[in-house]
Amino acid sequence: MTHAVPVTTRRPRRSYKTAGLGLAAWVIGVVFFIPVAWMVLTSFHSESNAGTNPPKIGAPLTVDGYRDFFGSSTGASPWPSLFNSLGASVGSTLIVLALAVPAAYALSIKPVRKWTDVMFFFLSTKMLPPVAGLLPIYLFAKNTDFLDNVWLLVILYTSMNLPIAVWMMRSFLAEVPPAIMEAAAIDGAGLLNILRKIIVPIAMPGIAATSLICFIFSWNEMLFARVLTGVVSQTAPVFLTGFVTSQGLFLAKVCAAATIISLPVLVAGFAAQDKLVQGLSLGAVK
Amino acid sequence: MTASALTTTPPRSTATRRPAISPRRAGWIRRAPLMPALIFLIIVTQLPFIATLVISFLRWNALDPGDRGWAGFANYKEVFTDSRLRESVITTIVLTVSVVLISLALGLGIALLLDRKFFGRGLVRTLMIAPFLIVPVAAALLFKHGIYNPVYGLFNGTLTGIWHTFGSQNPPQPDILTIHPKIAVEAELIWQWTPFMMLILLAGLQSRDGEVMEAAHVDGAGNWQMFRYITLPHMRRYLELSALLGTIFIIANFDSVFTITSGGLGTANLPYTIYETFYASHDYGLASAQGVVVVVGSLIIATFALRVVSSLFEEEVGR
């Protein structure tokens, strides 16, 4: 945790305070990052160097943990579960967008009567704990041979993310100035033209933010995936939990697995930090 | 956008009027784009709850398929007399309130630090976001094995390292997961959710009106006065928003409890307890009754929460 903070000493009075607060921010940032750094570092250690007390920070690096994770020693390949996760996340995100964008249009640009009530209905479904609907969904899936089927997860993740997406997209579409819409309509622009020239450019950042959030939440989901999938459609988080029960040293392997599974979210989130904020605040922050 | 109250007519009026379309049909044309999303959500989220309600009145244990029938309120009686469930209600409340409040306070503090200019601010912000971007199950596993484990976890490892540095051979090696299981779960959740709070609050801070701040500064307002009379009132909606969203996610948390303690040692919250009744005990009737009780409780909380959102919403609509 030794991060030298270059400080400009030209302004003598306030500079100490500024430097102190900057240093405090650095220390806190590093403290929050330590577990992540530890996870990545351990993933590159050999099993015998990973579980040591005190920790061997400077131990030689190896990719054995990753090799083990991808199945050279255990036999179970993580690829099917990674692809299942990818399919469920991307598939549900696409369906969410297909449903949420028109709905948001009907809640902002040409709002239906009592549109605020509709908005609150959407949000209220998000406040019911998903576990309360789990049993009927399980029974339904069992009786219709939908158990262990990625499409079931796609549908459930769609319903899980749809309220968030509708709220976000509405707040973005509400930014479309009505005056422009009216002027375009008077000038005889058709609906398609209005969509293409006015709405889509304003909605695009919103669609990007919505997709990012929906992807992350679907990728992370574990409760439904755990109960409703088995061998065929197991997702990455479920695979990860099954990974630990094996006996013997496993810390480096688990850290490698955790790193790989978090990687898509980390990359997407880091690359689009502003979109992340927009999405997490349901579009309230732009 | 024209300022309009929430309950009045839609804020926009179409300029073009085509008298050929009857108002009734026009209403349906407006509603059409909304319908797929609405119908989908009603089917996928509301129908299961109705089924849960029905099953909650049945005597139905999957391990005993012959004995299935009407149970009346027997399941509910069990729910309200079962001390395990009462405990998990309290656990859920303690877990949610402590995690939301602590990560909110930490998030606000860190957001205030990050709102200032200093060397490497963007990098610190990136470091801070990382915990939120770790897949929750992975984060829980990392904390359980990589940090809390009494033998090879980082926490005790660091203690050993520090003690050895000062020449002591008997460093304390607490087994956090056994001594403070709740705090262990809470700490992991706070670590994940503080960045979330920080992100929303930082965006709130950065949306303060610079001119107002400047004017207050020129008029001689001190740091504390600026914070108390400008920043805090401005931040109210962001604090409420992040608290509400945090609550929605943490109240339903399953991953951390399941992974770190498997619900043991008094850490079983409601989602975990219901999961166990259904998945381990196979008591479908009881699990459903528990689910119904949780839904009713959530609805009560949600009514308050929605009032908060609706006040935020009015501000936004009136903007």
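Readers should treat all values here as calculations from the given coordinates under stated rules, not as data from a laboratory. Note that the structure is predicted; figures quoted are calculated from it, not measured. Counting neighbours? That spans all protein chains shown, and the Cβs are built from the backbone with ideal geometry, glycine included.
Details
- Top of B:Asp283, B:Asp219, B:Asp115 by mean-square fluctuation, Gaussian network on chain B, Cα under 10 Å: B:Asp219
- Alpha carbon centroid spacing (whole Å) that separates segment B:33-112 from segment B:222-239: 37
- Residue exposure sequence - B:Thr277, A:Thr241 - by fewest surrounding Cβ within 10 Å: A:Thr241, B:Thr277
- Highest mean first, the peptides B:258-264, A:220-226, A:54-60 sorted by other C-beta atoms within 10 Å per residue fall in the order A:220-226, B:258-264, A:54-60.
- Note on B:Lys117: aspartates and glutamates with a C-alpha under 19 Å away, same-chain residues under 8 apart excluded, are A:Asp274, B:Asp209, B:Glu211, B:Glu214.
- Rg and Dmax [Cα atoms of segment B:84-226; Å; Rg one decimal, Dmax integer]: 20.0, 60
- Rounded if a/c under 1.5, otherwise prolate or oblate - segment B:193-264, Cα gyration tensor axes: prolate
- Using only alpha carbons, chain B has a radius of gyration to Kirkwood radius ratio (Rg to Rh) of 1.07.
- Segment B:100-157 - Debye-derived log10 I(q)/I(0), Cα point model, q = 0.12, 0.20 Å⁻¹: -0.43, -0.90
- Cα centroid separation - segment A:176-248 against segment B:135-160, whole Å: 33
- Peptide A:173-183 has a mean of 3 when you count, residue by residue, the C-beta atoms of other protein chains within 10 Å of its C-beta.
- GNM remark for chain A: springs join alpha carbons under 10 Å apart, and the peak mean-square fluctuation among A:Ser46, A:Ser89, A:Ser218 falls on A:Ser46.
- Shielding value for A:113-123 is 5, the average number of Cβ atoms from other chains within 10 Å of each residue's Cβ.
- Cross-link table A:Lys253/B:Lys144; A:Lys126/B:Lys144; B:Lys144/B:Lys182, entries beyond 20 Å C-alpha to C-alpha: A:Lys126/B:Lys144
- Calculated FRET efficiency for the pair A:Ala183/A:Ala37, C-beta based, R₀ 45 Å, to 0.05: 0.25
- For segment A:25-100: rounded, prolate or oblate by the Cα gyration tensor [a/c cutoff 1.5]: oblate
- Surrounding net charge for B:Thr273, when Lys and Arg each add one and Asp and Glu each subtract one, Cβ distance under 10 Å: -2
- Model label points for B:Asp82 and A:Val267, set 7 angstrom from Cα along the Cα-to-Cβ axis, are 4.4 nm apart.
- Extension gain for the segment B:Val296 to B:Asp115, taken as residue separation times 0.36 nm less the Cα-Cα distance, is 61.1 nm to one decimal.
- By the rule of a C-alpha distance below 20 Å, with chain neighbours fewer than 8 residues away ignored, the aspartates and glutamates paired with B:Lys77 are B:Asp67, B:Glu87, B:Glu276, B:Asp283.
- Simple spin-label estimate for B:Val308 and B:Ala280 in nanometres, 7 Å along Cα-Cβ: 3.2
- Mean per-residue shielding of peptide A:199-206 is 0, counting Cβ atoms of other chains within 10 Å of each Cβ.
- Helix A:251-271 and the long axis of chain A differ in direction by around 30°, with both axes built from C-alpha atoms.
- Likely footprinting exposure, A:Ser77, A:Ser233, fewest C-beta neighbours within 10 Å first: A:Ser77, A:Ser233
- Taking label positions 7 Å along the Cα-Cβ direction at both A:Val63 and B:Asp175, the computed distance is 3.9 nm, reported to one decimal.
- Cβ-Cβ FRET estimate between B:Ser22 and B:Ser262, R0 fixed at 60 Å, reported to 0.05: 0.45
- Here is the size of segment B:235-307 from its Cα atoms: Rg then Dmax, 14.5, 47 Å.
- Two-decimal Rg to Rh for the protein assembly as shown - Kirkwood Rh, Cα set: 0.99
- Ellipsoid semi-axes for chain A, based on the Cα gyration tensor and the rule √(5λ), read 40, 32, 15 Å when sorted largest first.
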